Amino acid sequence: MAVSPQTMLETIRRLLLSLLVLGMAGTTLELWFMNHYEDVWQVIPFAGMGASLLTLVWFAFSRSPVATGWFRVCMCLLMVIGATGTILHYRANMEFQLEMDPTLGGMALLLKVLHAKAPPALAPGNMALLGLMGLISTLGITERSGRFFVTRSF
């Protein structure tokens, strides 16, 4: 039984969106359990996840051009939040390591910073990956119709 490329793409899209929901829920719960809401900077990931989840539901059920556009904006926002969080975590770890040992520098400092457990320097990158997964789920959707298309180059 042959499956059309359009049906296959829609199945992949649904699977990606399901994984995205699971990843966003898991990341949000983890942040909540770690009390990641002590200041304004720490609340930003919650706002990004909330907005992204709302637009994901809108996009999944309507596929309108407006919903698709806003979903893509939120996915890009998740990527920016993830990159910014990685920089903030890295800087916090670096300051702490330099307070502990002001003589550290170069590769030794980098390795100490990356191995630190609190805050985990690379953990915010997870949000960037979720945003990228969301963007990938919109591949092939045209802006005008909200429908997707399949070409040989896709």
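Tabulated data for the structure shown
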| read-out | value |
| --- | --- |
| Unmet requirement for Ile87, which otherwise passes all of (1) of a type outside the set (Lys, Arg); (2) free of Cβ contacts under 8 Å to residues at least 12 places away in the same chain; (3) buried (at least 17 other Cβ atoms within 10 Å of the Cβ) | (3) |
| Any hit, the stretch 14-34, residues being part of a loop (DSSP other than H, G, I, E, B), at pLDDT below 95 and not polar (S, T, N, Q) | yes |
| Subset of the stretch 1-53 [free of Cβ contacts under 8 Å to residues at least 12 places away in the same chain, surrounded by 13 or more Cβ atoms within 10 Å (Cβ to Cβ) and of a type in the set (S, T, N, Q)] | Gln42 |
| Among (1) touching a residue at least 60 places away in the same chain (Cβ under 8 Å); (2) at negative phi - the single one Arg63 does not satisfy | (2) |
| From Leu132, Leu122, residue being in contact (Cβ under 8 Å) with a residue 40 or more places away in the chain and under 24 Å from Trp32 (Cα atoms) | Leu132 |
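The values are calculated or read from the model by the stated rules, or taken from the named source; none is laboratory data. All figures in this text were calculated on a predicted structure; none of them were measured in a lab. Positions of Cβ are generated from backbone atoms using ideal geometry, with glycine treated the same way; all protein chains shown enter the neighbour counts.
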